[in-house]
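None of the figures in this text is laboratory data; all of them are computed from the coordinates on show. Here the structure is a predicted model, which is why all the values come from computation and not from measurement. Note that we place each Cβ from the backbone using ideal geometry, even for glycine, and neighbour counts take in every protein chain shown.
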Amino acid sequence: MPRLIALDGSQGEGGGQILRTALSLAAATGQGFELSRIRDRRTRPGLRPQHLAAVRAAGIACGAKLSGAFEGSPDLRFEPGPLQAGQFRFDIETAGAASLVLQTVLPLLALAQDGSVVEVTGGTHVPRSPSADFLGRHWAAVVARADLRLGVSLRCAGFYPKGGGELVARVRSWRRPTEPLLLEQRGALERISIVSGAPRLRGSVAERQAEAARSRLWEARRLEPEVELAQPESASPGSYLLLEAVFANGRAAFGLLGERGVRAERLGDQAARLLLKFLEGGAAVDRHLADQLAVPLALSGSGGRVSTDEVTAHLETVVEVLRSFGVRAETWGRRGGPGGLSVERA
């Protein structure tokens, strides 16, 4: 076993991003790591249930030796073994983000010789994480450009604080690309879509959210989006909205969750304004997608370049972890402004 890479979990973005990136790279490359001071600057530091689910998922996928894998642990030692495809189920007892567990394990499982099926329970539409719709419609569509083929379906929605949702993902063995993924000039706008859902809520919330977003897009730029009113099974009441713009060579999505005291019309208008602001620039992908593409680009072996509307602390943190594992990656542009991500061919 090569020496373990030492990582400081209090640096950079200082949250679960360092952990998830390290887990994906370690399991995929066979290079272990030691992570200290996990989420040291957070109100509740250490590993939380959603982080433990990611640790256990990656660990099972590669038969890793683990030390420090318990709730509240400030340190983790992860020594990976060989990857194994299979059928997996991981349960997050809280409303922790099921989507983040899938983003951790799907790219690495794709490197196994056979395909895999992964079921995860927990939160599917929760704050500060990609929603099930963002993952299945947006992220999956872009990584497919790098021949990473996967599908994510929503079996049951789960909102904060109850959770109880369930996602099911299928990933094929990755026939990795020979050419880099280049998403720098987005090209012409091809379509805009709206997905709106409000399971177990009264008052036509899904319709009102979608109509407010549609009206704002029409008034501002005479844009006519496709509208889908989703009606998923749900373990608890809640609402969500996802607006997506598809370009000839780019993609951007902006999602919001309903909040107590916030009218559906206001939520729809806010989401539309986020998308309209993105359209004013020239970036190929949105700020959230940029950092979520870093690991797939690194594991593809062919790298790539993407431009984004905002260089975030999350993106810079991911790049630092990639470098710790020997991946040649960098950002350009200033934090908080437009820029991009570059990952070189391995």
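Only sites in a loop by DSSP and with at most 16 other Cβ atoms within 10 Å count here; which GluC sites (Glu not before Pro) in region 263-346 make the cut?
Counting only loop positions with at most 16 other Cβ atoms within 10 Å, the GluC sites (Glu not before Pro) in region 263-346 are GLU344.
Between region 62-97 and region 255-276, what is the separation of their alpha carbon centroids in Å?
Spelled out, the Cα-based centre of one part sits 35 Å from the other.
Within the set of other residues whose C-beta is less than 15 Å from the C-beta of GLN292, count the net charge using Lys and Arg as +1 and Asp and Glu as -1.
The answer is -2.
For region 63-158, go through all pairs of different Cα atoms, get the mean of 1/r, take its inverse, and jot down that Kirkwood value in Å.
Mean inverse Cα-Cα distance, inverted, gives 14.7 Å.
So what's the net charge close to SER129: Lys and Arg +1, Asp and Glu -1, counting the other residues with Cβ under 13 Å from its Cβ?
Local charge sum for SER129: +1.
Report which label in (i) 1.18; (ii) 0.95; (iii) 1.05 holds the value of Cα Rg over 2.2 N^0.38 Å derived from the coordinates of this structure.
(ii)
Compute the length gained on full extension between ASP40 and GLU280: take 0.36 nm times their separation in residues and subtract their Cα-Cα distance, giving the result in nm to one decimal.
Gain on extension, ASP40 to GLU280, equals 82.6 nm.
May I ask for the angle, rounded to the nearest 10°, between helix 49-62 and the longest principal axis of the chain, with both axes built from Cα atoms and the value confined to 0 to 90°?
The angle comes out at about 50 degrees.
What does the net charge come to around GLY12 if you take all other residues with beta carbon closer than 9 Å to its beta carbon, with K and R at +1 and D and E at -1?
-4
Expressed as a whole percent, how much of the Cα-Cα distance distribution for region 154-205 exceeds 19 Å?
Of all Cα-Cα distances in region 154-205, 65 percent exceed 19 Å.
Can you give the FRET efficiency for GLN87 and ASP8, using 1/(1 + (r/R0)^6), R0 = 35 Å, r = Cβ-Cβ distance, to the nearest 0.05?
The computed FRET efficiency comes out at 0.50.
Separation between the ALA144 and GLU71 pseudo-spin-labels, each 7 Å from Cα along Cα→Cβ, expressed in nm?
A separation of 3.8 nm, rounded to one decimal place.
Counting other C-beta atoms within 10 Å, and keeping those with at most 14, which DSSP coil GluC sites (Glu not before Pro) do you find in region 192-255?
GLU233
Along region 114-130, what does the Karplus equation 6.51 cos²θ - 1.76 cosθ + 1.60 (θ = phi - 60°) give for ³J(HN,Hα), rounded to whole Hz, x for Gly and Pro?
Calculated HN-Hα couplings, in order: 10, x, 9, 10, 10, 10, 9, 9, x, x, 9, 9, 10, x, 6, 7, x Hz.
If the only charges are +1 at each Lys and Arg Cβ and -1 at each Asp and Glu Cβ, what is the size of the charge dipole of the chain around the Cα centre, to the nearest 20 debye?
Approximately 220 debye in magnitude.
By how many nm would the segment from ARG266 to GLU179 lengthen if fully extended, with 0.36 nm per residue of separation less the alpha-carbon distance?
That works out to 27.0 nm of additional length.
Give the calculated FRET efficiency between GLN113 and GLU330 to the nearest 0.05, with a Förster radius of 30 Å applied to their Cβ-Cβ distance.
Working from the Cβ atoms, E equals 0.40.
Relative to the longest principal axis of the C-alpha atoms of the chain, give the angle of the C-alpha long axis of helix 264-280, reported between 0 and 90° and rounded to the nearest 10°.
70 degrees
For region 204-243, state the semi-axes of the equivalent ellipsoid (square roots of 5 times the eigenvalues of the alpha-carbon gyration tensor), sorted largest first and rounded to whole angstrom.
Equivalent-ellipsoid dimensions as semi-axes: 24, 9, 7 Å.
Apply the Karplus parameterisation 6.51 cos²θ - 1.76 cosθ + 1.60, with θ equal to phi minus 60°, to every residue of region 3-9 and state each ³J(HN,Hα) to the nearest whole Hz, in sequence, with x for glycine and proline.
4, 7, 6, 8, 10, 9, x
Within a 10 angstrom radius of the beta carbon, how do THR124, THR331 rank from fewest other beta carbons to most?
Ordered from fewest to most neighbouring Cβ atoms within 10 Å, THR124, THR331 come out as THR331, THR124.
Take the Cβ-Cβ distance between ALA313 and GLN231 as r, set R0 to 35 Å, and report the resulting FRET efficiency rounded to the nearest 0.05.
Step by step, r from the Cβ atoms, then E = 0.45.
Taking region 186-280 as the region of interest, what is the percent of Cα-Cα pairs per 5 angstrom bin, listed from the shortest bin to the one with the maximum distance?
3, 15, 27, 24, 16, 9, 5, 2, 0
Could you tell me which of GLN270, SER193, PHE254 has its Cα farthest along the dipole of region 186-280 towards the positive end, charges placed at Cβ (Lys, Arg +1; Asp, Glu -1), taken about the Cα centre?
Farthest along the dipole direction, towards plus: GLN270.
So how tilted is helix 287-300 from the main axis of the chain? Cα-based, degrees 0 to 90, rounded to 10.
40 degrees
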